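Some notes on the structure that comes next.
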Amino acid sequence: MKNNKNKQSISPWAWIPTLYFSEGIPYVVAATNFSVIMYKQLGLSNVDAALYTSWLYLPWVIKPFWSPIVDVLGTKRRWIWILQFVMGVLLAGVAFCIPMPFFLQSTLALLWLAGFASATHDIAADGFYMLALDSHEQSVFVGIRSTFYRISMIVGQGVLVILAGWLEKRLGSVQAAWSYTLYGAGAFFVLLALYHRFVLPRPLNDRPAGDANSVKAFFNSFASFFKKPGIWMTIAFILLYRLGEAQLVKMASPFMLDPVEKGGLGLDTSQVGVVYGTVGVIALTVGGILGGIYAAVKGLKNGLWVMLLFMNVPNLVYVALAAFQPGNYFLVCAAVAVEQFGYGFGFTAFMLYMIYVCQGEYQTSHYAICTGIMALGMMLPGMVSGYIQEFLGYTNFFVWVCICTIPIFILCRWIRIEESFGKKNKC
């Protein structure tokens, strides 16, 4: 059966990898390690750097509150490339302000705006994905989109930071190094906007959901989401799916960097970069692709339990690493490869489930609400993970992470999913 959604035949491979790669970079620059490291190198204390950059995460937490605007104004396609251009200009603005005497206030303001644009871009991109592909294509490419999003996170936290560090030594100026790095990121987004302006397909159903002046349409999307059958079970599922990972991801790098006498593995920064930037990326990519194929063959309902096992059981490798603290670097790489492969495979089911929940009217807004809930499920456990690790020590902390995966297996029994969702349409 042919897909008649698009006016033109454009392979999803031409735009899904670049679209979801573009989602991750602004998030990394504004809300994660990139901004923390940058402000620390520019002279801020650890307390100030953590405090100010934590506020930059706010747009992703509250984005569901303005997501209906994307539904009722314009097309998702237009939102995507315009916001990419805006993000490029804002990142270049941050680069321009870094050498200025008032750099802190100005760069924080520009990064917050970039975060706002990025969070809105996420809403449009996720909605466009659901409009441009049928359910089977969504199953096939859901692993690809999650993989390229994760790759962008690694590039942002790895390649860009490494580049800035290399420029610091090369130029002898911290300010110039971080400015040039962000100028490069800004130029990349301007080029990406031009690419997507011409390459993105034009789905026939990519149109405003209602009257742009209708306040009722704006709020109806929220009300309709919470009227979905079994919605509170769905919310619990989204909050708990990554409960273990939310804590693991915060402590994995410190565990590898801490010296052996403190319970860590004693690796240096470059070794950790190789572990996650090469071995981890390859394993993650393979896991994401195979997870998408598995979901397309089995369907989400029949494949969910297996994909949950793939995502959570590999957390045990960190228990073993913490207990035995191996000095063999290749063994550490192999352990991380197992964990990252399982994450890529299992996270595919999570994204597909959120797509399933959001079917119907206002699917873009509903997906944004789901991702906001997902962000909350990552943020709250991550906030306390450091305290838990300090109290328990690394070995017991990773045991605790494994225990935190049990609730989602229990809840899985009561989740209702249509048998055919995600399977290839044989007609």
**OP:** Determine, for each peptide in 14-26, 122-134, the mean count of other beta carbons within 10 angstrom over its residues, then list the peptides with the highest first.
**Re:** 122-134, 14-26
Subject >> the chain - percent relative contact order, Cα under 8 Å, separation 6 or more >> reply: 25
**OP:** Considering only protein heavy atoms, with the full assembly of protein chains and a 1.4 angstrom probe, order R150, R197, R77, R207 by accessible area, largest first.
**Re:** R207, R197, R150, R77
Original post:
With every protein chain left in place, what is the accessible area of I355 in Å² (1.4 Å probe, nearest 10)?
Top reply: 0
Original post:
In the range 280-406, carbon and sulfur make up what percent of the accessible area (probe 1.4 Å)?
Top reply: 75
**OP:** Keeping all protein chains in place, calculate the accessible area per residue for the range 261-395 (probe 1.4 angstrom), answer in Å².
**Re:** 40
Original post:
Under a Cβ-Cβ cut-off of 13 Å, what is the net charge of the residues other than I408 that fall near it, where Lys and Arg count +1 and Asp and Glu count -1?
Top reply: +1
Subject >> Accessible area per residue in Å² at 1.4 Å probe, computed on the range 85-164 >> reply: 31
**OP:** Might you report the magnitude of the Cβ-based charge dipole of the chain about its Cα centre, with Lys and Arg at +1 and Asp and Glu at -1, to the nearest 20 debye?
**Re:** 1200
Subject >> Given charges at Cβ of Lys, Arg, Asp, Glu: the chain dipole, positive-most of S385, C97, V72 >> reply: V72
**OP:** Kindly write out, for the range 356-364 in residue order, the coupling ³J(HN,Hα) from the Karplus curve 6.51 cos²θ - 1.76 cosθ + 1.60 (θ = phi - 60°), rounded to whole Hz, with x marking Gly and Pro.
**Re:** 4, 4, 8, 4, x, 5, 6, 5, 5
**OP:** Heavy atoms only, probe 1.4 angstrom, no DNA, RNA or ligands counted: give me I388, I289, I417 ranked by accessible area, highest first.
**Re:** I289, I388, I417
**OP:** Sort R78, R170, R145 by accessible area with a 1.4 Å probe, largest first.
**Re:** R170, R78, R145
Original post:
Which entries of K76/K250; K228/K298; K63/K250; K228/K301; K227/K250; K169/K262 show an alpha-carbon separation above 28 angstrom in the structure shown?
Top reply: K76/K250; K227/K250; K169/K262
Subject >> Global geometry of the range 88-186, whether rounded, prolate or oblate, following the gyration tensor of its Cα atoms and the 1.5 cut on a/c >> reply: oblate
Original post:
Where does the charge balance sit around V281 when Lys and Arg score +1, Asp and Glu -1, over other residues with C-beta under 14 Å from its C-beta?
Top reply: 0
Subject >> Accessible-area value, K301, 1.4 Å probe, nucleic acids and ligands omitted, Å² >> reply: 90
Original post:
Ordered by packing density, taken as the mean number of other Cβ atoms within 10 Å over each peptide's residues, highest first, how do 80-89, 323-332, 377-386 rank?
Top reply: 80-89, 377-386, 323-332
Subject >> Carbon + sulfur, % of accessible area of the range 108-240 - ligands and nucleic acids excluded, 1.4 Å >> reply: 68
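The values are calculated or read from the model by the stated rules, or taken from the named source; none is laboratory data. The structure presented is a predicted model; accordingly, all values stated were derived computationally and were not measured. Neighbour counts are summed over all protein chains in view; Cβ atoms, including those assigned to glycine, are modelled from backbone coordinates with ideal geometry. Surface areas here come from the heavy atoms of the whole protein model, side chains and all, with no ligands, DNA or RNA. Shrake-Rupley method; radii C 1.70, N 1.55, O 1.52, S 1.80 Å.
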